[in-house]
Amino acid sequence: MTTSTSNEARVSTHFRLDIQGLRALAVIAVIAFHAGLPLPGGFLGVDIFFVISGFVITLMLHREWQTSQRISLKNFFWRRFKRLAPALGLTVAVTVLLSAFFLSPLGDVQRTAATGLGALTVSANIVLARLTGSYFDAPAEANALLNTWSLSVEEQFYLLFPLLLIGAWTLKKRHKWSLSTPMLVVGVITGVSLLTALAPWLFTSLPGFDQVTRFYSPITRAWEFGFGAIGALLIARGLRLGTRLATVTWVTGLALTLASLVLISDAFITPGPSTLIPVIGTTLLLVAGASTPLANGTLGNRPAVWIGDASYSLYLWHWPIIVFAVTLWPTTSWIAPAAALVSIVPAIASFLFVEKPIRALPSLNRNRVTQIGLAFVLVPLVLSLTVLVVTQALVKPRFEQTEALSGDVGHSTRMQAMDTMSFGCPFEQVEDVFQTDDGILRCMQSKPQGTPIDIAILGDSHAEHLYPGIAEALSTKNVAYQYLFDWPRRASDNSDLAVNQVVSNPDITHVVINSAWTGTEDSEFLTGLFQRITDAGKTVVLTDDIPDFPFDAAACKYRPNLVQDRVCSFSSPGIAQAHIDRLANLEALSNANPNVSLVRTHGLFCDSAGCTMQQDGELLYEDDNHLNLQGSRLVGKEIVRNLQSD
């Protein structure tokens, strides 16, 4: 996330009010998304910030070069340091301290503290990729410093990008090279980064770039800064649009940006082709905004400019407050939006009493750097390290003694059990970067290679967690499963190949299909898919899936934190209605084909009073939406009972 100051905007862009308004739009989008409001693409506000950063920093550096034919890196990094470090250090210190009381010491506190260390050492994105996993997964949702990943990406950009521009301008000056030299350098880097980000769609996956790495990596994000930088270089070279063309371009950019926030969701893989929409839209807004009065008239109003000025603190504080509130009141549906509103208070205090005063400090001074570094970097670093070590070595063992239920949390136990009971994949596969787990294809069968397959399980991770329970209940049969990422919403060469092999295999009698159903699936596609499978003489078995819980399984198995008792159940009319709507879609698909049966597994966990993830002293979930081994056995028996009654 990038929120360069209004002072820098004045220096580099003669104070573009519309840029501040664009920052306001971006930070509001991110906060709305995290608060659970109906803005599915709100997380793309971070990408908008990246483009703004590339644009403003490039213009600022160009202006300094044009004035003095040199760039003072010392002054540049000092401005960056006093702009970013104090507010970040304060947020990290407060968040890590509160996390020791409000988050689970069985992992959440440690991940938050480790992320705090990463944020203060320009490596939060690396820490998150290693410890937390996907930005949209449950462990990430409980990391109170998750949002600092984008700050580290931005700071990594600051470390390298000025050097590239200085090199390009120096070569142009000394060798009288073309004015396009900086553009060529930025263009090549932008192109390489974009190709890396789009590699899974264009040709193949790249070694070391799984889905999680691609999300957090500066290599796959540099092109977003590059788009902004190219726009700035075009303006620096004298590009000016006529008022009419500028207005059309600006409106187009605004339409693309707003459409991306509304139409794109976390079901899209980012960064990817969909990310081009907000990035191109933001670039058009920045390039055309200087030449049309519509920009200031729309985004340059006083409230928008003020929110843009405070956007850095708003971004920093909103996520920790939301995480703490949702942890303490997990079953209260409106708590996340309320927490987002409450977060405005510390954000404004940080902006007025930390950001602005320190940002207004005069030029570089050794004593001043030392004082700020001690207060806002060293103290939070020591605090984060202390909380990490103490909770891991002392607090975690004590909390593990509060275990109240049998059953494991975390997917490692289930995956290890599956490895032990299973044999190699019976299906031919093609490479798909989205369908591996640490580079391992997730596909198994319950009998040795060469044994005819009786039952095939296809789907995403919500189909995968059914495999051990079904295989155990059908111990005399060969049960095989193929994990297909986000299928059947997302088709791929691998999913097509898997379906073709299942359809053409005469030994397979039943095909179990499950997914984290959202209600957005293509009914026409599913109808055709089921017809194709049943035409091959097989029975399709659907399930209505299991409920998602607003808290992690660890909060049911153990005390979740120092101030809260265990929680295992919840009741939500909204969630209940959402399941009714999804069930209606699945029932319609089942009723349309006599060889498609629907097994209602949701009811194993829910009744009219609500839903629970434990029964008779056993925990049935490994996180907030996946079954552990005990849960898989429960659901597997119900599915097999329906299979045997056919």
query: Given M421, M415, which one is within 29 Å of R633 (Cα to Cα) and either open to solvent by 70 Å² or more (accessible area, probe 1.4 Å) or under 29 Å from the mean Cα position of the chain (by Cα) (or both)?
result: M415
- request: Go through segment 606-646 residue by residue and tally those that are under 24 Å from G407 (Cβ atoms) and assigned to a loop (DSSP other than H, G, I, E, B).
  value: 11
message: Among the numbered criteria (1) open to solvent by 30 Å² or more (accessible area, probe 1.4 Å); (2) touching a Pro at 6+ places or on another chain (Cβ under 6 Å); (3) not charged (D, E, K, R), which one does G89 miss?
response: (1)
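Is it the case, given these coordinates, that G574 is open to solvent by 30 Å² or more (accessible area, probe 1.4 Å), of a type in the set (G, A, S) and touching a residue at least 60 places away in the same chain (Cβ under 8 Å)?
Working: open to solvent by 30 Å² or more (accessible area, probe 1.4 Å): yes; of a type in the set (G, A, S): yes; touching a residue at least 60 places away in the same chain (Cβ under 8 Å): yes.
For G574, the condition - open to solvent by 30 Å² or more (accessible area, probe 1.4 Å), of a type in the set (G, A, S) and touching a residue at least 60 places away in the same chain (Cβ under 8 Å) - is met.
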- prompt: On the given criteria, is V390 surrounded by 15 or more Cβ atoms within 10 Å (Cβ to Cβ) and within 28 Å of the chain's Cα centre (by Cα)?
  reply: no
message: List the residue pairs whose Cβ atoms are under 9 Å apart, where the first residue sits in segment 584-596 and is open to solvent by 60 Å² or more (accessible area, probe 1.4 Å), the second is hydroxyl-bearing (S, T, Y) and at pLDDT 90 or above, and the two are 6 or more positions apart or on different chains.
response: A592/T527; P594/T534; N595/T534; N595/T539
task: Check off (1) surrounded by fewer than 24 Cβ atoms within 10 Å (Cβ to Cβ); (2) farther than 30 Å from F399 by Cα for L117 and give me the number that stays unchecked.
output: (2)
task: Consider only pairs whose beta carbons are under 8 Å apart and that are at least six residues apart or on different chains; among these, list those whose first residue lies in segment 442-470 and is closer than 17 Å to H510 by Cα and whose second residue is aromatic (F, W, Y) and surrounded by fewer than 19 Cβ atoms within 10 Å (Cβ to Cβ).
output: M444/F423; Q445/F423; S446/F423; K447/F423
task: State whether the residues of segment 138-145 include one that is more than 22 Å from F351 (Cα to Cα), surrounded by fewer than 23 Cβ atoms within 10 Å (Cβ to Cβ) and not small (G, A, S).
output: yes
query: Looking at segment 265-324, which of the residues that are within 26 Å of the chain's Cα centre (by Cα), in a helix (DSSP H, G or I) and polar (S, T, N, Q) is farthest from P86 (Cα to Cα)?
result: S274
message: I'm trying to understand the selection: among the residues of segment 320-353, which are open to solvent by less than 20 Å² (accessible area, probe 1.4 Å) and under 19 Å from V96 (Cα atoms)?
response: P320, I322, V323, F324, A325, A339, A340, S343, A347, S350
task: Output the number of the condition that Y135 fails; it satisfies all remaining conditions of (1) in a helix (DSSP H, G or I); (2) touching a Phe, Trp or Tyr at 6+ places or on another chain (Cβ under 8 Å); (3) not β-branched (V, I, T).
output: (1)
- request: Just need a number here: residues in segment 533-560 that are in a helix (DSSP H, G or I) and either surrounded by 15 or more Cβ atoms within 10 Å (Cβ to Cβ) or in contact with a Lys or Arg (Cβ under 8 Å, 6 or more places away or on another chain) (or both).
  value: 6
task: Please state which one of S515, S475, S504, S523 is under 18 Å from N585 (Cβ atoms), open to solvent by 40 Å² or more (accessible area, probe 1.4 Å) and small (G, A, S).
output: S523
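Return the residue satisfying two criteria in turn: it lies in segment 422-442 and is outside any loop (DSSP other than H, G, I, E, B) and modelled with pLDDT under 90, and of such residues it is nearest to Y558 (Cα to Cα).
So the first thing to find is which residues in segment 422-442 are outside any loop (DSSP other than H, G, I, E, B), and the list is 423, 433-437, 440-441.
Right, trim to modelled with pLDDT under 90 and you get 433-437, 440-441.
On the way: V433: 35, F434: 33, Q435: 32, T436: 31, D437: 28, I440: 31, L441: 32 Å.
Within segment 422-442, the match that is nearest to Y558 (Cα to Cα) is D437.
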- prompt: Got a number for residues in segment 561-605 being out of contact with any helix residue (DSSP H, G or I) (no Cβ under 7 Å at 6 or more places or on another chain) and part of a loop (DSSP other than H, G, I, E, B)?
  reply: 6
task: Would you check which residues across segment 14-42 are out of contact with any Pro (no Cβ under 9 Å at 6 or more places or on another chain), open to solvent by 10 Å² or more (accessible area, probe 1.4 Å) and of a type in the set (A, V, I, L, M, F, W, C) and list them?
output: F15, L17, L25, I28, I31, L39
Meets criteria (open to solvent by less than 20 Å² (accessible area, probe 1.4 Å), within 25 Å of D210 (Cα to Cα) and not hydrophobic (A, V, I, L, M, F, W, C)) for T190: yes
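The values are calculated or read from the model by the stated rules, or taken from the named source; none is laboratory data. Note that the coordinates shown come from a computational prediction; the quantities given were computed from them, not determined experimentally. Please note: Cβ atoms are built from the backbone with ideal geometry, for glycine as well, and neighbour counts cover all protein chains shown. Surface accessibility is based on the protein's heavy atoms, side chains included, excluding ligands, DNA and RNA. Shrake-Rupley method; radii C 1.70, N 1.55, O 1.52, S 1.80 Å.
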